[in-house]
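Novice: Structure incoming, see below.
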Amino acid sequence: MPDLQELDAALPAFLRRSPAEVLAEIEEAQRAAAAAYPPEPSIIPPPEHVYPWGHLWWWRFLAFPCVLRCGWAHIEDLVRDDLEPFVMRIGESPREEISQGISEHAVLRNVKRRRRIEAAIRRHAEQAHHAQEPYSGRCEGTQ
């Protein structure tokens, strides 16, 4: 077994990379980013926390404010969809099926949440802003 002093001396050599290796990693990341599909356009604004940091429900509720700054916001309960029962069948390979089932459930839950938020924003735009497109300008009655 190697001596700890030998390991301490050898560790920095493993952690150091040459500038060429760092540059190659950066270029590979840039190529991967360029080849990736662009993100899907969304009318959902960046969320804000409803409660201040440290509050019992800080992590649970998010507000999606109107981008036209009229004061309206859609409040989303992040646990809402988790309260629904999650049922799945398990067959020959339970570990893979459970992992796949949980992943599929998470994707469906996120799609459902996104549709719910977008529907609330569109409903608000129709009612309060006379069907003004959510990202198209200023809120009527405000400066």
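The values are calculated or read from the model by the stated rules, or taken from the named source; none is laboratory data. Bear in mind the structure is a predicted one, so any value in this text is a computation, not a measurement. Here Cβ is always computed from backbone atoms with ideal geometry, including for glycine, and neighbour counts include all displayed protein chains. Surface accessibility is based on the protein's heavy atoms, side chains included, excluding ligands, DNA and RNA. Shrake-Rupley method; radii C 1.70, N 1.55, O 1.52, S 1.80 Å.
Novice: If you take the residues of the range 30-53 that are of a type in the set (D, E, K, R) and either under 30 Å from LEU68 (Cβ atoms) or at pLDDT below 90 (or both), which of them is most open to solvent (accessible area, probe 1.4 Å)?
Specialist: Among those residues, the one meeting the criterion is GLU40.
Novice: Looking only at the range 74-92, which residues are outside any loop (DSSP other than H, G, I, E, B) and more than 19 Å from LEU108 (Cα to Cα)?
Specialist: Within the range 74-92, HIS74, ILE75 qualify.
Novice: Between ARG16, ARG69, which is more than 18 Å from GLU118 (Cβ to Cβ), exposed (fewer than 14 other Cβ atoms within 10 Å of the Cβ), out of contact with any Gly (no Cβ under 9 Å at 6 or more places or on another chain) and in contact (Cβ under 8 Å) with a residue 24 or more places away in the chain?
Specialist: On the way: ARG16 fails: in contact (Cβ under 8 Å) with a residue 24 or more places away in the chain.
Only one candidate passes the filter, namely ARG69.
Novice: Right, something else. Of the numbered conditions (1) open to solvent by 100 Å² or more (accessible area, probe 1.4 Å); (2) at pLDDT 90 or above; (3) among the aliphatic types (A, V, I, L, M), LEU62 fails exactly one; give the number of that condition.
Specialist: If we test LEU62 against (1) open to solvent by 100 Å² or more (accessible area, probe 1.4 Å); (2) at pLDDT 90 or above; (3) among the aliphatic types (A, V, I, L, M), just (1) comes out false.
Novice: Criterion first (closer than 15 Å to VAL67 by Cα and either assigned to a helix (DSSP H, G or I) or open to solvent by less than 90 Å² (accessible area, probe 1.4 Å) (or both)) does GLU104 satisfy it?
Specialist: Taking the combined requirement at face value, the residue does not satisfy it.
Novice: As an exercise: evaluate MET1 against (1) at pLDDT 85 or above; (2) over 21 Å from the mean Cα position of the chain (by Cα); (3) part of a loop (DSSP other than H, G, I, E, B) and give the number of the one condition it does not meet.
Specialist: All conditions are met except number (1).
Novice: Do we have LEU62 as of a type in the set (A, V, I, L, M, F, W, C), within 23 Å of GLU126 (Cβ to Cβ) and assigned to a loop (DSSP other than H, G, I, E, B) here? So that I can check it myself, show each step before the final result.
Specialist: On the way: of a type in the set (A, V, I, L, M, F, W, C): yes; within 23 Å of GLU126 (Cβ to Cβ): yes; assigned to a loop (DSSP other than H, G, I, E, B): no.
Considered against the rule, which asks whether it is of a type in the set (A, V, I, L, M, F, W, C), within 23 Å of GLU126 (Cβ to Cβ) and assigned to a loop (DSSP other than H, G, I, E, B), LEU62 comes out as no.
Novice: Kindly check whether there is at least one residue in the range 80-87 that is touching a helix residue (DSSP H, G or I) at 6+ places or on another chain (Cβ under 7 Å) and of a type outside the set (Gly, Ala, Ser).
Specialist: Yes: the range 80-87 contains one or more residues that are touching a helix residue (DSSP H, G or I) at 6+ places or on another chain (Cβ under 7 Å) and of a type outside the set (Gly, Ala, Ser).
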